[in-house]
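Visitor: Structure incoming, see below.
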Amino acid sequence: MEIVSISENSTLAKSKKMMFWGFLGYIILNLLVCCIPIIVVFPSISIIIALAGLVCIVVVFVGLYDFSKIANTFIFRYGIYVILLSIGYQFFAPLMLGFLGIGDIMFLDTQPYVILGIVVLLGVAILILSMYLQYKMSIEMSFLTDIKAFITSYKLYVICVVGFVLLCVAFIFMFVDFLNSGAFLVSASLFVKFMEAYRFASMILIGILLLLFCVGIVSLGFLILGLFRIKYTKVRERIK
């Protein structure tokens with residue numbers, strides 16, 4: 001199998017820099033929003049951050065396209081699939097939830113359960129498909145570059161996603177049990193009453209959420225490390 005080195009191919013060196021700096025910039029922007037959420041209150045700053053994030057994504061995919069073209073691999077194509085799945089669901093979910101009326105919010109009929117069920121099941125299916133595509137991408141990147149950091153990053157990513165899904169399920173069960181108890185009827189603030197009723201459990205969930213956030217940061221760290229360590233790539237044979 002042919003091997004292309006960064007020192008011998010300027011396009012490969014350029015693609016590495018674009019993927020590395022694009023991902024790093026996108027991660028920094030997201031961390032900035034997470035750590036200082038008040039900045040999104042200002043419209044001008046929100047627009048700048050959104051545009052900067054879009055630029056970072058475009059830079060990453062341009063670099064990924066060049067890398068995939070050199071290595072003759074499917075990584076760029078699978079990356080596009082992941083983006084399209086995410087965008088498609090973000091349009092579909094609000095559209096379906098828009099059919100819920102004000103009376104449906106209290107779940108007094110079966111219709112909201114059906115709509116939410118469709119949205120959740122489709123979300124789970126898209127999540128599983130996206131994780132499979134990202135698994136194939138991480139395995140391929142590791143194989144082509146002989147860098148294990150990509151696989152480590154994906155494993156930590158799986159832990160983070162599965163943990164977050166389980167947290168959401170636990171929260172939903174707690175909230176439904178709270179609604180069924182009828183405690184919200186005498187409360188001026190539904191959320192405050194819920195936190196008071198499940199104070200200990202809520203603190204545990206928040207602690208686990210913070211832990212998963214740290215795992216996600218480490219996962220992104222391994223991804224950046226993998227991109228930084230790229231020195232060469234193998235080239236898959238082209239089918240004639």
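Visitor: Averaged per residue, what accessible surface does the range 129-171 expose to a 1.4 Å probe, in Å²?
Guide: Per-residue value: 50 Å².
Visitor: So if R0 is 41 Å, what FRET efficiency would PHE143 and ILE172 give, r being the distance between their Cβ atoms, rounded to the nearest 0.05?
Guide: 0.60
Visitor: Once the Cβ-Cβ distance between VAL218 and THR11 is put in as r, and R0 is 30 Å, what FRET efficiency do you end up with, to the nearest 0.05?
Guide: 0.45
Visitor: Still on this structure, please answer the following. Run the simple label-point estimate for GLU2 and SER86 please: 7 Å along Cα→C-beta, distance reported in nm.
Guide: A separation of 3.2 nm, rounded to one decimal place.
Visitor: Figure the gain on full extension for VAL158 and CYS35 (residue separation times 0.36 nm, minus the Cα-Cα span) and round it to one decimal in nm.
Guide: Result for the pair: 42.0 nm of gain on full extension.
Visitor: What are the extents of the Cα atoms of the range 109-167 along their three principal axes, listed from largest to smallest and rounded to whole Å?
Guide: 55, 20, 6
Visitor: Let me ask something else. Tell me, rounded to the nearest percent, the portion of alpha carbon pairs in the range 1-78 spaced more than 14 Å apart.
Guide: 66 percent
The values are calculated or read from the model by the stated rules, or taken from the named source; none is laboratory data. Treat the numbers as computed from the prediction; the structure is a model and nothing was measured. Quick reminder, even Gly has a Cβ in these numbers, built from the backbone with ideal geometry, and neighbours come from all protein chains shown. Heads up: the accessible areas ignore ligands, DNA and RNA and are worked out on the full protein's heavy atoms, side chains in. Shrake-Rupley method; radii C 1.70, N 1.55, O 1.52, S 1.80 Å.
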